[in-house]
Amino acid sequence: MSAPILQVSGLRVAYGPITAVDGVDLEVGRGEFVGIIGSNGAGKSSTMRAVAGVLAPVGGSIHFDGTEVAGRKSHEMVAMGLAMVPEGRMIFGDQTVRENLMLGAYTRLARRDPDVVDDLEEVLELFPRLRERLDQLGGSLSGGEQQMLAVARGLLSRPKLLVVDELSLGLAPKILDLLFPILAKLNAGGLSILLVEQMASYALAVTQRTYVMENGRIRFSGPSADLARDDRVLDAYLGRRHDA
Ligand SMILES: Nc1ncnc2c1ncn2[C@@H]1O[C@H](COP(=O)(O)OP(=O)(O)OP(=O)(O)O)[C@@H](O)[C@H]1O
Ligand SMILES: [Mg+2]
């Protein structure tokens, strides 16, 4: 068995006096699609920000692709092969779709990686709507199209691990039925993915394994198919009514 692409242990993240992540252990195997579900304020985004180098953790270790990376900056993580699709997407509204995409390939363009052109083509095959809108401003896209752009931008760094924070945020079921299978397809092609998601039913359907996070900690975890039938998940995250 090869070592996991990501191994997090004892992770602690704080904002001043507020502890947001209080000793989290999790791992993503190579080629695995792993989910984190949990309610508002559970610490999911804080965990993701620490993993992606957006925030320095106050404790614990983060092993990525065989290297200890806790405290490394996000641009270093991108260069090492970890791309994040952040909560809220963070599209540059006053730049074109093409410019937004090229920002994802920034470190590769800097070292004149010749494969960027082919990768752009591949990403546009995956998201044909972006091809039609390459010269349009990012801010003029619909929410669903902006999420496609955010995922496509992440892919253009050619990551080994893609971390996605709330793919579903603010999007209609019709768009979600289009976006989640794309993540599944990328995973089937070999990409390791860590997905944070409030829409537990969607996450459990596409991921192989899931961690349930509450109050800064992992409460339990297991194969997604098992958790989808677990009373603790049904009651708290899949909206099962006690009087049903
Ligand atoms: N920039 C910040 N400054 C201070 N506290 C913060 C900040 N960001 C998050 N927190 C706090 O950290 C805790 C965890 O927040 P986090 O955003 O990681 O949760 P989450 O699980 O992603 O929630 P959501 O589902 O709403 O996105 C919360 O108590 C939150 O109020
Ligand atoms: Mg969040």
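The values are calculated or read from the model by the stated rules, or taken from the named source; none is laboratory data. Note that the structure is a prediction, hence the values are computed from the model and not measured. As a convention, Cβ positions derive from the backbone with ideal geometry for all residues, glycine included, and neighbour counts pool all protein chains shown. The accessibility values were calculated without ligands, DNA or RNA, using every heavy atom of the protein model including side chains. Shrake-Rupley method; radii C 1.70, N 1.55, O 1.52, S 1.80 Å.
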Within region 203-244, track down each residue that is at pLDDT 95 or above and in a helix (DSSP H, G or I). Ala203, Leu204, Ala205, Val206, Ser224, Ala225, Asp226, Leu227
Contacts under 6 angstrom Cβ, first residue in region 161-173 being over 14 Å from Ile36 (Cα atoms) and assigned to a loop (DSSP other than H, G, I, E, B), partner open to solvent by less than 10 Å² (accessible area, probe 1.4 Å) and not hydrophobic (A, V, I, L, M, F, W, C), 6 or more apart: Leu171/Gly144
So for region 119-126 (the condition being of a type in the set (D, E, K, R) and either part of a loop (DSSP other than H, G, I, E, B) or over 26 Å from Gly29 (Cα atoms) (or both)), does at least one residue qualify? yes
If a residue must be crowded, with 16+ Cβ neighbours inside 10 Å and among the small types (Gly, Ala, Ser), how many such residues does region 63-78 contain? 2
With more than 16 Å from ligand 1 (Cβ to nearest atom) and closer than 23 Å to Ser224 by Cα as the only criterion, which of Ser9, Ser45, Ser61, Ser39 stands out? Ser9
Among (1) of a type outside the set (Val, Ile, Thr); (2) surrounded by fewer than 22 Cβ atoms within 10 Å (Cβ to Cβ); (3) within 17 Å of the chain's Cα centre (by Cα), the one test that Asp135 misses: (3)
When region 84-115 is checked residue by residue, the ones that are more than 16 Å from ligand 1 (Cβ to nearest atom), open to solvent by less than 40 Å² (accessible area, probe 1.4 Å) and under 22 Å from Gln146 (Cβ atoms) are Ile91, Gly93, Thr96, Val97, Asn100, Leu101, Gly104, Ala105
Looking for something within 22 Å of Arg153 (Cα to Cα), charged (D, E, K, R) and open to solvent by less than 30 Å² (accessible area, probe 1.4 Å) - is there at least one such residue anywhere in region 42-50? yes
Hits in region 138-158 - residues which are open to solvent by less than 20 Å² (accessible area, probe 1.4 Å), touching a helix residue (DSSP H, G or I) at 6+ places or on another chain (Cβ under 8 Å) and in contact (Cβ under 8 Å) with a residue 24 or more places away in the chain: Gly138, Leu141, Gly144, Gln147, Met148, Leu149, Val151, Ala152, Gly154, Leu156, Ser157
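Yes or no, residue by residue, for (1) touching a strand residue (DSSP E or B) at 6+ places or on another chain (Cβ under 7 Å); (2) within 22 Å of Glu27 (Cβ to Cβ); (3) within 16 Å of ligand 2 (Cβ to nearest atom):
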position	(1), (2), (3)
Met148	no, no, no
Ala152	no, no, no
Val163	yes, yes, yes
Leu167	yes, yes, yes
Pro173	no, no, no
Ile182	no, no, no
Ser192	yes, yes, no
Glu197	yes, yes, yes
Restricting the first residue to region 223-236 and requiring it to be over 14 Å from Met199 (Cα atoms), which pairs with a second residue that is part of a loop (DSSP other than H, G, I, E, B) meet a Cβ separation below 7 Å and a spacing of at least six or different chains? Pro223/Gln208
The one condition Leu186 fails out of (1) under 30 Å from Arg112 (Cβ atoms); (2) over 16 Å from the mean Cα position of the chain (by Cα); (3) surrounded by fewer than 23 Cβ atoms within 10 Å (Cβ to Cβ) is (2)
Name the residue that is surrounded by the most Cβ atoms within 10 Å (Cβ to Cβ), counting only residues in region 205-221 that are farther than 15 Å from Met48 by Cα and within 17 Å of the chain's Cα centre (by Cα). Thr207
Please pick out the residue among Gly81, Gly53, Gly60, Gly29 that is more than 16 Å from ligand 2 (Cβ to nearest atom), open to solvent by 40 Å² or more (accessible area, probe 1.4 Å) and at pLDDT 95 or above. Gly60
Is it the case, given these coordinates, that Pro181 is in contact (Cβ under 8 Å) with a residue 40 or more places away in the chain, open to solvent by 10 Å² or more (accessible area, probe 1.4 Å) and either more than 16 Å from ligand 1 (Cβ to nearest atom) or assigned to a loop (DSSP other than H, G, I, E, B) (or both)? no
